[in-house]
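S.K.: Sharing a structure below in structure tokens format, with a few things to ask.
The values are calculated or read from the model by the stated rules, or taken from the named source; none is laboratory data. Computed from a predicted structure; not experimentally measured. No Cβ is skipped: glycine too gets one built from the backbone with ideal geometry, and neighbour counts run over all protein chains shown.
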Amino acid sequence: MLLHSKAGSIRGGHAHDVDEVVVLLTGKLKYRKRIENDSKARPEWQIEMGEGDTIFHERGEYHLAEFTEESWLLEWKIQTNKKGWKNIDYADWRRLVQANAASGR
């Protein structure tokens with residue numbers, strides 16, 4: 001998928017049931033990530049990305065993108081098609097995404 005985001009917008013707030021690769025084509029963003037799987041639980045951490053950076057989201061790894069600049073990115077869901085995967089929401093982060101969308105960002 002090719003996605004465009006304005007500076008100040010927030011996306012995600014979920015995990016996927018498949019692995020995902022993201023390439024930031026232009027702009028800047030900050031990812032917040034966390035894992036709550038019993039065998040791999042890890043508290044929240046952050047990763048900043050700039051133009052040309054690539055990131056891997058492991059299946060079940062929650063992620064929230066905060067765009068600090070207008071950005072274009074590519075997302076690939078690994079070993080599946082458009083109808084072959086689903087999101088698993090992290091409620092606290094999804095509320096942030098929904099509030100951000102309601103504000104018009």
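S.K.: Going through Ile47, Ile35 one at a time, which residue ends up being modelled with pLDDT under 95 and surrounded by 10 or more Cβ atoms within 10 Å (Cβ to Cβ)?
M.R.: On the way: Ile47 fails: modelled with pLDDT under 95.
Only one candidate qualifies: Ile35.
S.K.: Somewhere in region 78-93, is a residue closer than 16 Å to Ser9 by Cβ and not in a strand (DSSP E or B)?
M.R.: Among the residues of region 78-93, at least one is closer than 16 Å to Ser9 by Cβ and not in a strand (DSSP E or B), which makes the answer yes.
S.K.: Specify which of the listed residues (Asp92, Asp19) is surrounded by 15 or more Cβ atoms within 10 Å (Cβ to Cβ) and not aromatic (Phe, Trp, Tyr).
M.R.: Testing whether each residue is surrounded by 15 or more Cβ atoms within 10 Å (Cβ to Cβ) and not aromatic (Phe, Trp, Tyr) leaves just Asp19.
S.K.: Specify the residue that is nearest to Asn81 (Cα to Cα); the eligible residues are those in region 6-56 that are assigned to a loop (DSSP other than H, G, I, E, B) and touching a Ser or Thr at 6+ places or on another chain (Cβ under 7 Å).
M.R.: Restricting to residues being assigned to a loop (DSSP other than H, G, I, E, B) and touching a Ser or Thr at 6+ places or on another chain (Cβ under 7 Å), the top hit is Val18.
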